[in-house]
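Novice: Here you go, one structure.
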Amino acid sequence: MNKEVYFKILKELPEGVKLAAVSKFHPMESIEILYAEGQRLFAESRVQELMQKYEALPKDIEWHMIGHLQTNKVKYIVPFISMIESVDSARLLLKINEEAEKIGRIVDCLLEVHVAQEETKTGWNEEELFSYIQSTEFASLKNIRLRGIMGMASNTDDVERIKEDFRKLSRIKSSLENCFDSSFDTLSMGMSQDYREAIEEGSTLVRIGSMIFGERHY
Ligand SMILES: *Cc1c(COP(=O)(O)O)cnc(C)c1O
């Protein structure tokens with residue numbers, strides 16, 4: 001846990017860029033330390049851990065889900081989640097809508113877009129995304145508020161490749177804007193290793209874990 005780094009990152013963020021502190025695999029105490037400094041937005045990647053932390057910690061924390069979400073677990077987080085950033089399929093979005101409808105909530109979501117060179121990373125590609133946005137199925141999801149997209153750059157030291165990936169995400173987000181109202185305002189990209197490049201390319205939400213909290217112990 002490094003508070004100095006946390007404050008340094010906060011100072012670097014241009015206006016309009018938010019920080020999600022990625023607390024996955026880190027103890028409640030670390031979250032409480034940042035909470036005491038005013039941080040309210042935290043991100044987690046596993047449902048069980050997220051629920052335990054939600055239950056134990058102050059209720060004005062905004063929780064973002066950033067990890068792969070199984071449809072059978074959607075119901076556990078829909079009551080309290082403030083944003084699901086990692087929506088990687090139409091099936092998942094449909095399920096979130098269904099659970100949200102049951103309890104009369106509208107859930108903020110991002111679609112996770114795949115631009116990185118690794119095959120393993122999940123998410124929508126550009127064509128799938130555009131055709132889905134125009135589908136009648138998507139239009140019928142009344143309990144989803146689509147706030148934007150989330151993505152990751154390739155896992156490489158090649159800074160030009162990283163910037164290129166972020167530019168692509170930025171371009172996709174811009175070209176989708178005219179399908180939505182002004183609530184489509186979020187471009188979530190940038191992690192510990194590449195958040196500066198992400199901000200240069202237009203990120204509005206960086207997700208930073210290890211730089212603030214230290215290494216994760218799996
Ligand atoms: C873990 C994770 C992060 C944070 O990564 P760090 O390198 O620790 O900053 C950001 N985004 C996603 C989707 C993650 O799974």
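Novice: Here is a check on your reading of the model: is LEU93 of a type outside the set (Lys, Arg), within 18 Å of ASN125 (Cβ to Cβ) and free of Cβ contacts under 8 Å to residues at least 60 places away in the same chain?
Specialist: Considered against the rule, which asks whether it is of a type outside the set (Lys, Arg), within 18 Å of ASN125 (Cβ to Cβ) and free of Cβ contacts under 8 Å to residues at least 60 places away in the same chain, LEU93 comes out as yes.
Novice: Within segment 190-218, restricting attention to residues that are buried (at least 24 other Cβ atoms within 10 Å of the Cβ) and more than 9 Å from the ligand (Cβ to nearest atom), which residue is farthest from MET65 (Cα to Cα)?
Specialist: That would be ALA198.
Novice: Moving to a separate point now. Suppose we keep only residues that are polar (S, T, N, Q) and within 19 Å of the chain's Cα centre (by Cα) within segment 9-40. Which one would you say is nearest to the ligand (Cβ to nearest atom)? Let's see the steps before the verdict.
Specialist: Filtering segment 9-40 down to residues polar (S, T, N, Q) leaves 23, 30, 39.
Imposing the further condition that a residue be within 19 Å of the chain's Cα centre (by Cα) reduces the set to 23, 39.
Details: SER23: 10, GLN39: 15 Å.
The selected residue is SER23.
Novice: Separate question: Given the conditions (1) buried (at least 16 other Cβ atoms within 10 Å of the Cβ); (2) under 25 Å from LYS8 (Cα atoms), which single one is not true for LEU169?
Specialist: The number of the failed condition is (2).
Novice: Under the condition of being over 24 Å from GLU62 (Cα atoms) and in contact (Cβ under 8 Å) with a residue 12 or more places away in the chain, which residue from segment 96-121 is surrounded by the fewest Cβ atoms within 10 Å (Cβ to Cβ)?
Specialist: Step by step, filter segment 96-121, then rank; the result is GLU118.
Novice: Separate question: Output the residues belonging to segment 96-128 that are outside any loop (DSSP other than H, G, I, E, B), at pLDDT 95 or above and either under 18 Å from the mean Cα position of the chain (by Cα) or closer than 25 Å to ASN155 by Cα (or both).
Specialist: Scanning segment 96-128 gives ILE96, ASN97, VAL107, ASP108, CYS109, LEU110, LEU111, GLU112, VAL113, HIS114, TRP124.
The values are calculated or read from the model by the stated rules, or taken from the named source; none is laboratory data. Remember, predicted model here, so these are calculated numbers, not experimental data. Because the Cβ atoms are built from the backbone with ideal geometry, glycine has one as well, and the counts that use them run over all protein chains shown.
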